[in-house]
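See structure below.
The values are calculated or read from the model by the stated rules, or taken from the named source; none is laboratory data. None of the values given here were measured: they were computed from a predicted structure. When we count neighbours, we look across all protein chains shown, and the Cβ atoms used for this are built from the backbone with ideal geometry, even at glycine.
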């Protein structure tokens with residue numbers, strides 16, 4: 001483990017002691033969000049040390065122009081940035097004329113806490129300023145889950161050794177930069193600045209995309225908990241910033257505080273963002289700080305009631321899973337089908353774009369099982385709404401007849417990833433989108449999505465695969481050349497097993513759904529057939545490709561080969577690689593990585609995870625033992641798949657190690673990069689590690705199946721599953737598993753293949 005400063009706790013992330021070297025990492029770990037916006041844990045007050053200022057609004061982006069040579073026809077036109085939004089949290093502070101700055105003063109008893117159970121972030125410390133004044137500071141911050149355009153700050157200062165003149169200077173500022181911007185480039189054009197009484201508004205618009213956002217604040221100054229009902233004594237403005245100034249004389253031991261309400265209203269949701277901002281402020285004021293805080297606690301209690309996983313006897317494991325679940329619920333609420341789940345969520349800017357295949361492969365199972373099925377349906381609808389763009393993306397690359405290639409990274413359906421080997425070669429992402437449709441139907445039983453929307457997506461994807469494959473006379477099989485599989489430490493390879501396998505599956509599945517919709521949903525079929533112009537001749541050409549797809553295989557090792565030529569590599573296992581060479585992505589050239597046998601994340605094994613029923617347990621064992629030995633797990637998406645499969649194979653020590661790695665990837669900063677933001681999408685894999693790995697949950701023939709196992713380090717664990725509108729609770733202990741159900745209907749589940757009837761208001765022990 002690379003860092004261990006985070007205190008183990010069942011419900012909170014806690015840091016004690018101030019260390020400037022940890023500031024940026026903590027800004028990521030203590031981030032808060034509410035699905036509509038998010039905020040890194042930046043200090044409200046002035047901080048002259050190293051920091052990564054970050055505030056983000058869901059769905060707001062900037063299409064940064066991609067510059068590339070003429071020979072790369074079809075190259076993406078832009079690389080989308082997740083935009084740093086105007087700063088709403090800022091509160092400059094002066095105490096007896098000196099600026100409060102943790103980089104220049106003596107700090108003691110520094111503590112911060114992210115309370116995941118109730119959804120708030122607190123920071124407290126004592127300090128001695130250069131002018132000799134000693135103070136105690138306590139700051140509470142949360143982003144309202146209910147009133148999701150607003151955030152609230154309560155900033156309290158207590159003079160400890162003398163009376164003090166405290167000046168609060170709250171501000172909102174659209175003059176922000178992105179961490180990864182070139183030449184201090186700005187992305188917001190200021191439009192208007194307004195203020196009245198204790199309220200201020202800065203309206204700005206993004207260049208190019210022309211998203212308009214009004215950033216707002218309202219301030220209330222209090223002494224010993226009572227409002228002073230004062231107006232700012234000074235107001236300074238320019239074209240992109242408003243700052244108020246309030247001065248309070250505070251006796252030693254008394255408490256001066258500012259309640260600041262702030263946030264954003266955006267043109268995605270409002271025609272008049274200024275009027276909307278005024279409305280949000282009024283709603284917040286009507287409730288008041290205490291009520292808003294109480295609403296926050298209740299909202300999170302409701303979320304946790306369904307999505308919590310308990311672990312007994314292992315605090316670090318418990319903290320890890322709750323941190324992951326908390327961040328997922330902060331990032332995506334499921335309310336808006338225009339939004340998706342970015343790889344860094346609201347914690348950073350890395351990777352650009354808002355949507356990867358991570359959503360379909362890793363996130364949808366979590367949201368299906370812990371939310372109403374409409375949330376997962378919204379995620380599928382997001383891709384349906386971008387089908388025209390996916391067809392356009394494929395056309396740019398020379399594909400025709402409605403073939404669809406979904407982008408590797410996108411904001412609006414257009415490809416916005418600027419690495420050639422990813423953009424054009426990592427085409428397996430198409431398969432994950434089709435698999436998500438299958439997975440949704442398998443889990444929810446809601447077939448209606450397929451005739452309504454899903455079949456059109458499947459047809460576009462099947463057309464792509466049929467056109468992308470070509471017949472090899474040498475092999476007498478269809479092959480897929482020049483691809484990158486999930487293992488990004490191999491580029492431009494031929495016949496990646498996972499890609500070929502999911503291509504075949506996509507075609508077969510689409511043909512099945514066409515037949516089903518044609519026989520059972522005639523009007524939908526006629527509409528789709530007319531729109532897509534599918535013919536029997538075309539379908540036969542698809543089937544030919546699927547039936548004759550090539551899969552590389554090694555007779556020597558009795559495993560599927562990751563791709564042609566994998567055995568030409570020098571097969572030195574990870575266990576025999578000098579530790580000083582790890583992580584290889586920080587120590588080796590890209591050329592050396594590509595020539596090595598080392599695997600970034602599950603590739604062949606990703607196929608075995610998706611299509612577990614297609615292979616025997618012995619086949620899984622052979623392929624797992626072979627490939628895991630070459631896997632360096634330098635992708636956040638890798639440990640969860642390996643944890644699930646290790647559990648299937650009864651390799652429980654390995655399963656536990658992988659679980660701990662995926663659940664504490666950010667808390668312990670395994671990849672030494674958490675200061676850039678947290679790995680949000682892989683966090684859903686942590687949930688899968690417990691529910692599908694240790695719990696053994698599967699859906700087979702419209703029923704839930706379990707094969708419960710438990711690491712020896714745990715006394716027990718429990719989780720809930722929302723399965724077809726029935727809430728099932730599963731509690732696993734060392735020698736038994738208990739099932740109970742919320743509701744008034746019985747449910748039959750299968751445990752290790754045996755039927756178990758779970759009835760309302762009863763506990764069944766197996």
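Among the residues of the stretch 642-651, is any closer than 18 Å to residue 671 by Cβ and either surrounded by 24 or more Cβ atoms within 10 Å (Cβ to Cβ) or at pLDDT 95 or above (or both)? Yes, the stretch 642-651 has at least one match.
None of 469, 436, 462, 404 is surrounded by 20 or more Cβ atoms within 10 Å (Cβ to Cβ) and within 14 Å of residue 357 (Cα to Cα) except 436.
Taken over the stretch 28-62, the residue count meeting the criterion of being within 20 Å of residue 120 (Cα to Cα) and not in a loop (DSSP other than H, G, I, E, B) is 10.
Given the criteria buried (at least 19 other Cβ atoms within 10 Å of the Cβ) and over 22 Å from residue 641 (Cβ atoms), does residue 319 qualify?
Yes; evaluated as a whole, the condition is true for this residue.
A single member of 522, 529 is closer than 30 Å to residue 456 by Cβ and in contact with a helix residue (DSSP H, G or I) (Cβ under 9 Å, 6 or more places away or on another chain), and it is 529. Checking 80, 85, 150, 164 one by one, the residue that is buried (at least 22 other Cβ atoms within 10 Å of the Cβ), within 34 Å of the chain's Cα centre (by Cα), at pLDDT 95 or above and more than 30 Å from residue 308 (Cα to Cα) is 85 and no other. In the stretch 472-591, counting only helices (runs of 4 or more DSSP H) that sit wholly within it, the ones holding 1 or more residues that are surrounded by fewer than 18 Cβ atoms within 10 Å (Cβ to Cβ) and at pLDDT below 95 span 584-587.
Annotation: residue 667 fulfils all but one of (1) in contact with a strand residue (DSSP E or B) (Cβ under 6 Å, 6 or more places away or on another chain); (2) more than 20 Å from residue 25 (Cβ to Cβ); (3) in contact (Cβ under 8 Å) with a residue 60 or more places away in the chain; the unmet one is (2).
Which of the residues spanning the stretch 88-106 are in contact (Cβ under 8 Å) with a residue 40 or more places away in the chain, more than 29 Å from the chain's Cα centre (by Cα) and either surrounded by fewer than 18 Cβ atoms within 10 Å (Cβ to Cβ) or under 13 Å from residue 47 (Cα atoms) (or both)? Those that are in contact (Cβ under 8 Å) with a residue 40 or more places away in the chain, more than 29 Å from the chain's Cα centre (by Cα) and either surrounded by fewer than 18 Cβ atoms within 10 Å (Cβ to Cβ) or under 13 Å from residue 47 (Cα atoms) (or both): 91, 92, 93, 94, 96, 97, 99, 100, 101, 102, 103, 104. The residues in the stretch 614-650 that are free of Cβ contacts under 8 Å to residues at least 12 places away in the same chain and in contact with a helix residue (DSSP H, G or I) (Cβ under 9 Å, 6 or more places away or on another chain) can be counted, and the count is 3.
For the subset of the stretch 63-77 comprising residues that are touching a strand residue (DSSP E or B) at 6+ places or on another chain (Cβ under 7 Å) and either closer than 25 Å to residue 217 by Cβ or part of a loop (DSSP other than H, G, I, E, B) (or both), which member is modelled with the highest pLDDT? Spell out how you get there, then give the answer.
Residues of the stretch 63-77 touching a strand residue (DSSP E or B) at 6+ places or on another chain (Cβ under 7 Å): 63-66, 76.
Imposing the further condition that a residue be either closer than 25 Å to residue 217 by Cβ or part of a loop (DSSP other than H, G, I, E, B) (or both) reduces the set to 66, 76.
On the way: 66: 59, 76: 73.
If we take residues in the stretch 63-77 being touching a strand residue (DSSP E or B) at 6+ places or on another chain (Cβ under 7 Å) and either closer than 25 Å to residue 217 by Cβ or part of a loop (DSSP other than H, G, I, E, B) (or both), then 76 is modelled with the highest pLDDT.
So, in the stretch 619-639, exactly how many residues are surrounded by 21 or more Cβ atoms within 10 Å (Cβ to Cβ) and either assigned to a helix (DSSP H, G or I) or in contact with a strand residue (DSSP E or B) (Cβ under 6 Å, 6 or more places away or on another chain) (or both)? So the count comes out to 8. Each residue in the stretch 143-165 was checked for being farther than 18 Å from residue 221 by Cα and part of a strand (DSSP E or B), and 2 of them qualify.
Matching residues to (1) without any contact (Cβ under 8 Å) to a residue 24 or more places away in the chain; (2) under 21 Å from the mean Cα position of the chain (by Cα); (3) more than 20 Å from residue 699 (Cβ to Cβ):
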| position | (1), (2), (3) |
| --- | --- |
| 372 | no, yes, no |
| 386 | no, yes, yes |
| 390 | no, no, yes |
| 402 | no, no, yes |
| 415 | no, yes, yes |
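When 187, 244 are checked against the criterion of being in contact with a strand residue (DSSP E or B) (Cβ under 6 Å, 6 or more places away or on another chain) and at pLDDT below 95, a single residue qualifies: 187. Scanning the stretch 740-759 for residues that are within 20 Å of residue 445 (Cβ to Cβ) and without any contact (Cβ under 8 Å) to a residue 40 or more places away in the chain returns 741, 742, 743, 744, 745, 746, 755, 756, 757, 758. Selection over the stretch 1-30 of residues that are surrounded by fewer than 20 Cβ atoms within 10 Å (Cβ to Cβ), more than 21 Å from residue 661 (Cβ to Cβ) and in contact with a helix residue (DSSP H, G or I) (Cβ under 7 Å, 6 or more places away or on another chain) gives a count of 1.
Does the stretch 230-251 contain at least one residue that is free of Cβ contacts under 8 Å to residues at least 24 places away in the same chain and in a loop (DSSP other than H, G, I, E, B)? There is at least one residue in the stretch 230-251 that is free of Cβ contacts under 8 Å to residues at least 24 places away in the same chain and in a loop (DSSP other than H, G, I, E, B).
Hey, any hits in the stretch 185-200 for a residue that's within 23 Å of residue 57 (Cα to Cα), assigned to a loop (DSSP other than H, G, I, E, B), within 27 Å of the chain's Cα centre (by Cα) and in contact (Cβ under 8 Å) with a residue 24 or more places away in the chain? Yes, there is a match, as at least one residue in the stretch 185-200 is within 23 Å of residue 57 (Cα to Cα), assigned to a loop (DSSP other than H, G, I, E, B), within 27 Å of the chain's Cα centre (by Cα) and in contact (Cβ under 8 Å) with a residue 24 or more places away in the chain. Contact map, the stretch 264-289: first residue on the phi > 0 side of the Ramachandran plot and surrounded by fewer than 18 Cβ atoms within 10 Å (Cβ to Cβ), second residue in a helix (DSSP H, G or I) and at pLDDT 95 or above, Cβ cut-off under 9 Å, separation 6 or more or different chains; the map is empty. Every listed requirement among (1) over 30 Å from the mean Cα position of the chain (by Cα); (2) assigned to a loop (DSSP other than H, G, I, E, B); (3) surrounded by 15 or more Cβ atoms within 10 Å (Cβ to Cβ) is met by residue 749 save one, (2). Among the residues of the stretch 708-734, those that are surrounded by fewer than 18 Cβ atoms within 10 Å (Cβ to Cβ) and either at pLDDT 95 or above or in contact with a strand residue (DSSP E or B) (Cβ under 7 Å, 6 or more places away or on another chain) (or both) comprise 709, 712, 713, 715, 716, 726, 727, 729, 733, 734.
Comparison of 109, 131 shows that the only residue that is surrounded by fewer than 17 Cβ atoms within 10 Å (Cβ to Cβ) and outside any strand (DSSP E or B) is 131. Would you check if residue 414 is within 14 Å of residue 78 (Cα to Cα) and either touching a strand residue (DSSP E or B) at 6+ places or on another chain (Cβ under 8 Å) or surrounded by fewer than 21 Cβ atoms within 10 Å (Cβ to Cβ) (or both)? The answer is yes for residue 414.
Comparison of 406, 440, 351 shows that the only residue that is in contact (Cβ under 8 Å) with a residue 12 or more places away in the chain and not in a loop (DSSP other than H, G, I, E, B) is 440.
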